[in-house]
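Following: one structure in structure tokens, then a few remarks.
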Amino acid sequence: FQPKLLAGRRVLLTAGPTFEPLDPVRGLTNSSSGKMGFALARACAEAGAEVTLVAGPVSLPTPAAVTRIDVQTALEMRAAVLKSVAAADIFIGVAAVADYRPVQASEHKIKKTAVGSALTIEVTANPDILAEVASLPAAPFCVGFAAESQNLADYAESKRLAKKLPLVVGNLVQDGLGSDGNSVILFDDAGQHKLTPGPKMEIARGIVAHIANMLEQD
Ligand code: PMT
């Protein structure tokens with residue numbers, strides 16, 4: 001039995017990687033599996049929320065009672081989020097959005113150059129979806145994730161302050177990226193809260209309980 005901690009709340013989440021095409025067969029992406037974001041979407045739905053999940057390219061089943069919008073690129077993810085955000089009370093950015101995309105995707109397959117020769121690909125920075133949502137005049141309660149390979153506390157708290165977020169979930173890439181389990185620390189105005197390491201579904205329920213608690217005190 002899961003208590004309905006988010007009854008009446010509308011949650012919008014992003015999950016998975018984005019894929020930024022370079023040509024019809026290649027692109028820039030990362031190894032996010034979507035498992036953390038999908039677990040969180042499921043935990044929010046179990047807690048009684050109305051849930052919309054904007055998912056990058058992953059091969060995971062849609063959790064029960066969750067509305068799913070599939071996207072490929074960061075620009076598509078941004079558009080889907082901006083379309084749905086007005087109807088959200090809570091936004092959770094779990095996606096590992098590609099920071100850069102090729103300036104131009106080639107219509108045809110790029111031909112291999114001679115062995116040892118260099119191929120230069122010009123890239124441009126993608127918009128930061130979470131920062132944009134957090135700065136909306138009627139912004140929902142925004143939760144960010146930070147995946148770091150070192151200095152987790154410093155980097156996660158810096159991201160929270162830079163994007164003016166009430167809550168950031170910090171994890172090490174070696175703990176959370178692609179795996180079934182995770183180990184996270186929550187960063188908010190009150191300080192750091194370490195959740196017991198475990199399966200992503202258990203971690204997701206812990207994050208939901210923390211969010212519900214913060215919203216109750218608002
Ligand atoms: O998918 P899994 O295999 O289960 O792995 C889960 C995870 C490790 C990907 C996840 O737990 C996680 O940490 N996601 C955030 C990855 C990350 O490092 O994000 P970031 O530091 O690039 O961005 C910080 C925050 O801004 C994130 O909430 C991100 O969704 C958001 N962001 C970032 C860039 C961008 N262009 N738009 C964004 O919205």
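Any read-out appearing in this document is the output of simple, stated calculations on the displayed coordinates, not a laboratory observation. Computed from a predicted model, the values in this text were never measured in an experiment. Glycine also receives a Cβ, built like all others from the backbone with ideal geometry; neighbour counts cover every protein chain displayed.
Do we find a residue being among the aliphatic types (A, V, I, L, M) and touching a residue at least 40 places away in the same chain (Cβ under 8 Å) anywhere in the range 158-165? Steps first, please.
Here is the first cut: in the range 158-165, the ones among the aliphatic types (A, V, I, L, M) are 161-162, 165.
Still in the list and also touching a residue at least 40 places away in the same chain (Cβ under 8 Å): none.
There is no residue in the range 158-165 that is among the aliphatic types (A, V, I, L, M) and touching a residue at least 40 places away in the same chain (Cβ under 8 Å).
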Residue satisfying condition, being surrounded by 15 or more Cβ atoms within 10 Å (Cβ to Cβ) and without any contact (Cβ under 8 Å) to a residue 24 or more places away in the chain, within set LEU215, LEU195: LEU195
Suppose we filter GLU148, GLU122, GLU107 for residues that are out of contact with any His (no Cβ under 9 Å at 6 or more places or on another chain) and either in contact (Cβ under 8 Å) with a residue 40 or more places away in the chain or closer than 26 Å to SER84 by Cα (or both); which single one remains? GLU107
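Could you count how many residues in the range 17-39 are within 9 Å of the ligand (Cβ to nearest atom) and in contact with a helix residue (DSSP H, G or I) (Cβ under 8 Å, 6 or more places away or on another chain)? Step through it out loud before you land on a result.
Step one: of the range 17-39, the residues within 9 Å of the ligand (Cβ to nearest atom) are 17-18, 30-39.
Checking which are in contact with a helix residue (DSSP H, G or I) (Cβ under 8 Å, 6 or more places away or on another chain) leaves us with 18, 35-36, 39.
Adding up the residues that qualify gives 4.
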I'm trying to understand the selection: among the residues of the range 173-192, which are surrounded by 13 or more Cβ atoms within 10 Å (Cβ to Cβ), of a type in the set (Asp, Glu) and more than 12 Å from the ligand (Cβ to nearest atom)? ASP188
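Conditions (1) surrounded by fewer than 24 Cβ atoms within 10 Å (Cβ to Cβ); (2) over 21 Å from ILE207 (Cβ atoms); (3) within 15 Å of the chain's Cα centre (by Cα); (4) of a type outside the set (Phe, Trp, Tyr), marked per residue:
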| residue | (1), (2), (3), (4) |
| --- | --- |
| SER32 | no, no, yes, yes |
| LYS35 | no, no, yes, yes |
| VAL51 | no, no, yes, yes |
| ARG68 | yes, no, yes, yes |
| SER84 | yes, no, no, yes |
If you scan the range 147-156, which residues turn out to be touching a strand residue (DSSP E or B) at 6+ places or on another chain (Cβ under 9 Å) and surrounded by fewer than 19 Cβ atoms within 10 Å (Cβ to Cβ)? GLU148, SER149, GLN150, ALA153, ASP154, TYR155
